[in-house]
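Written out below as structure tokens is the structure these notes cover.
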Amino acid sequence: MTIDEAIAWIHSRKKFGSRPGLDRIQALLDKVENPEKKVPVIHIAGTNGKGSTVAYLRSIFIEAGVTVGSFTSPYIEEFNERIAIDAQPIPDSALIHYVEKYQPIVADLDDQPAIGGITEFEILTAIMLDYFAEEAVDVAIVEVGLGGLLDSTNVVSPILTAITTIGYDHMEILGDTLNEIAQQKAGIIKKNVPVVTGNITKGPLIEIVEKAVAETAKIYRYGEEYQVDYLRPDPNWGELFSFTDSAGKLTSLKVPLLGRHQVENAGVAIMLYHLYCEGQGLPFEERTIQKGLANAQWPARMEKISDEPLIVMDGAHNGHAIKRLAENMKREFRGYTIRILFSALETKDVDQMLSLLSEIPNAHIYLTTFEYPKALDLSRFDKSDSRFDVVSLWQFGLGELLEDMGADDLLLITGSLYFVSEVRQLLLNLGGKNEKS
């Protein structure tokens, strides 16, 4: 079997869609001696911010010499990166091995109506846990796929949990209100397992606190048990901040990603790391955190991919993320003429996203689509709408934008992470990432 054949088989399970529930994944794990019971997991949920929190925490662990697995989605550069150890994607040979292992098991389970139709994400979850157990990682950081309570990753018995943010997304599955969404995400909270929360508004936070109290899980809240103080942008790109908790204050911290929300995500990561150190009897050292954060990489999240011309990419794939993006653009890039190449999935509230983007000063939106299931249907947009131009082929639109850009122009590529990753790959293939970024 080749790696392309292995990945094609995993993708072939997309036809079963996203199906909340733990019966299928549990049946699959039972067939392979339950690796979920052998891996120490830090489980992270949230509407937005999960990925960068994973990236920050992973980088701190690597700096500390802790062998760390990570499970994230979607991928940006290569499929294998979704499952990684010390930020190194699972090797092709290992992924092929696990696909060959799971194919006959999945085929047998498909013959059982109650648990047949195991999905792509469930197979990836099982492979991830099997791989991390086999490689005996010290800890695994596992990002929830969708929601929390009924997400396939919720088979783990975590040592720590975190909920980064609560916003409107996947409402057809998670609920129509922020409190309902919070209830679903709070489903990852386990008995006596500490939980860290990010910058979450009062109503949803109450739901999380009530779940934590019910599970006697000690909670560490942003702005309460720990503090994150935003200082200023770093002149060499990034954000400066300080962090305070029961151990004292850490100053002169920097994250390489832009945006005030990035220091909030870093705060969640630092609090998780502190709790891990306490649980494992490890030193909690400022230098380790400083170097870990500074070395963190998370492509397509407020990522500057070029200086000349100035190009920024951000996979802001829902209204909550677009609102944060718009705030960042207003603060960080005053004086620039901003050209926005945007596309999203039809399942998102695109009208809200466009409304928020149109509030950015000196900005104009170029609305496009891309090759992906449920990608934006341009035919439903009024081409006379002054807020945007409709670009049928993003590749041509990108080329024209790049040709027209001057010294005071900024190109922002945003929307679906699937779209942003396609554009990113093309730009990197054309000339490589700017050395100054």
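Below are the figures for this structure:
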read-out: Residue check, E239 touching a Pro at 6+ places or on another chain (Cβ under 9 Å) and either among the acidic types (D, E) or farther than 27 Å from I60 by Cα (or both); value: yes
read-out: Those strands (runs of 3 or more DSSP E) lying entirely in segment 286-383 with at least 3 residues within 30 Å of I60 (Cα to Cα); value: 303-306, 310-314
read-out: Flag if R380 is touching a helix residue (DSSP H, G or I) at 6+ places or on another chain (Cβ under 7 Å), over 27 Å from E308 (Cβ atoms) and modelled with pLDDT under 90; value: no
read-out: Among the candidates A133, A107, A114, A87, residue that is crowded, with 16+ Cβ neighbours inside 10 Å and more than 22 Å from N48 (Cβ to Cβ); value: A133
read-out: Selection within segment 15-51 - within 24 Å of the chain's Cα centre (by Cα), surrounded by fewer than 15 Cβ atoms within 10 Å (Cβ to Cβ) and part of a helix (DSSP H, G or I); value: K15
read-out: Qualifying positions in segment 199-218 - more than 24 Å from V155 (Cβ to Cβ) and part of a loop (DSSP other than H, G, I, E, B); value: N199, I200, T201
read-out: Residues of segment 101-118 classified as at pLDDT below 95 and polar (S, T, N, Q), total; value: 1
read-out: Filter result (surrounded by fewer than 17 Cβ atoms within 10 Å (Cβ to Cβ) and either part of a helix (DSSP H, G or I) or among the charged types (D, E, K, R) (or both)) within segment 390-408; value: Q395, F396, G399, E400, L402, E403, D404, D408
read-out: Residue under evaluation H261, criteria (1) under 25 Å from G223 (Cα atoms); (2) touching a strand residue (DSSP E or B) at 6+ places or on another chain (Cβ under 8 Å); (3) crowded, with 22+ Cβ neighbours inside 10 Å, criterion not met; value: (2)
read-out: Some residue of segment 10-20 being among the small types (G, A, S) and over 28 Å from Q183 (Cβ atoms); value: yes
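The values are calculated or read from the model by the stated rules, or taken from the named source; none is laboratory data. Since we're looking at a predicted model, the values are computed, not measured. For neighbour counting, all protein chains shown are included, and Cβ atoms are generated from backbone atoms with ideal geometry for every residue, glycine included.
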